[in-house]
Amino acid sequence: MNHRFTTILWDVDDTLLDFVYSQRYALKKCFHAVGHEVTEEEMALYARINDEYWKRLELGEITKDELLPGRFSALFSALGMEGMDALAFCQEYQTALGSVFSYLDDSLAVCKKLQGQVKQYVITNGVTSTQYSKLKLSGLADVMDGIFISEQIGYPKPDERFFDICTAQTEEKDRRRMLIVGDSLSSDIKGGIQAGIPVCWYNRTESINNSCYKPDYEISCLSMIYDII
């Protein structure tokens, strides 16, 4: 069977796996361990701070080593919990984050159906140990032809160098035959456009794209990928 694309580069968090599900579990577990029952408002505050820090990483304003404890330092300061050890808390959080998962749109079944039709790789900015744990537990690691994590690559998405290193290790060398599928306009879509790789925006909430980054394709359900490839 001839396909338009031979290779799919999958984002993980909020594309194949439900990041919010894992985040809520990890926050509740870690705060409970220090004697604090985290509220919905506090989790929402953390989510905003976390998103801000990841955006700063994408822009090259901070490093991953600054991001990981820095977001918790900012959270503890906002909550009046300055005495907390942000680094130790972060380490426990990352372990908890990688210990649970929830599929989006039956993503494992989608990837299994694509096996043998296209090559599939993971591209993620997440923490190495956390991502490997979730991918292994979920079974997604077993259906991927490769896993590319920014910590190991040396550059985060959307840095073009991230994609240069990834594509140097894929079987397909023609970037026009590759397709990036991800939920982030500022990371996956921007990065793919800059790298000359076709991009598919996974927009399951059917949000309005107010950015300057226009994807080649848009899907609201992962199974819609079958019609694209």
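Send over the semi-axes of the chain's equivalent ellipsoid, whole angstrom and largest first, taken as the square roots of 5 times the C-alpha gyration tensor eigenvalues. Kindly include the intermediate steps, with their values, before the conclusion.
Numbers: eigenvalues 197, 66, 52 Å².
Equivalent ellipsoid semi-axes, largest first: 31, 18, 16 Å.
How high is the relative contact order of the stretch 166-229? Use alpha-carbon pairs under 8 Å, at least six apart in sequence, and give a whole percent. All intermediate terms of the calculation are to be shown ahead of the outcome.
Values: 84 pairs, mean separation 16.7, N = 64.
Across the stretch 166-229, relative contact order equals 26 percent.
Once R0 is set to 45 Å, what does the formula 1/(1 + (r/R0)^6) return for the Cβ-Cβ distance between CYS212 and SER129, expressed as a FRET efficiency to the nearest 0.05?
Details: r = 34 Å, r/R0 = 0.77.
The value I calculate is 0.85.
Quick check for you: with a 1.4 Å probe and neighbouring chains kept, what is the accessible area per residue of the stretch 8-120, in Å²? Display every interim value, and only then the final one.
Values: 5400 Å² over 113 residues.
Computed with neighbouring chains in place, this is 48 Å² per residue.
Looking at this model, which pairs from LYS29/LYS112; LYS136/LYS214; LYS64/LYS157; LYS112/LYS173; LYS28/LYS190 are more than 21 angstrom apart at the alpha-carbon? Working shown, then result.
Details: LYS29/LYS112 32 Å; LYS136/LYS214 32 Å; LYS64/LYS157 12 Å; LYS112/LYS173 23 Å; LYS28/LYS190 33 Å.
Flagged as over cut-off: LYS29/LYS112; LYS136/LYS214; LYS112/LYS173; LYS28/LYS190.
Among the DSSP beta bridges whose two residues both lie in the chain, what percent are antiparallel, rounded to the nearest 5?
5 percent
Per residue of the stretch 172-185, what does 6.51 cos²θ - 1.76 cosθ + 1.60 with θ = phi - 60° give for ³J(HN,Hα)? Whole Hz please, x for Gly and Pro, Karplus curve as stated.
So the Karplus estimates, Gly and Pro as x, are 6, 10, 7, 5, 6, 9, 9, 9, 8, 10, x, 8, 8, 5 Hz.
In the stretch 1-97, what percent of the accessible surface is made up of carbon and sulfur (1.4 Å probe, ligands and nucleic acids excluded)?
On the way: 2520 of 4880 Å².
Its accessible area is 52 percent carbon and sulfur atoms.
Counting each DSSP H run of 4 or more residues in the chain as -39500 (n - 2.57), what helix-only mean residue ellipticity at 222 nm follows after dividing by all residues, to the nearest 500 deg cm²/dmol? Kindly include the intermediate steps, with their values, before the conclusion.
Working: 10 runs with 102 residues, N = 229.
About -13000 deg cm²/dmol.
Does anything in the stretch 64-96 have its amide N under 19 Å from the 7 Å Cα→Cβ label point of GLU151, and if so which residues?
So the set is 64-73, 86-96.
Counting only GluC sites (Glu not before Pro) that are in a DSSP loop and have at most 16 other C-beta atoms within 10 Å, tell me the longest site-free stretch of the chain. Don't skip to the end; give the middle numbers.
On the way: sites that count: GLU37, GLU61, GLU82, GLU171, GLU172, GLU206.
Formally, the longest exposed-site-free interval is 83-170.
Find how much the distance from ARG161 to ALA109 grows on full extension, using 0.36 nm per residue of separation minus their present alpha carbon separation; answer in nm with one decimal.
The span from ARG161 to ALA109 would gain 15.6 nm if fully extended.
The values are calculated or read from the model by the stated rules, or taken from the named source; none is laboratory data. Since we're looking at a predicted model, the values are computed, not measured. All Cβ positions, glycine included, derive from the backbone under ideal geometry; neighbour counts span all protein chains shown. The accessibility values were calculated without ligands, DNA or RNA, using every heavy atom of the protein model including side chains. Shrake-Rupley method; radii C 1.70, N 1.55, O 1.52, S 1.80 Å.
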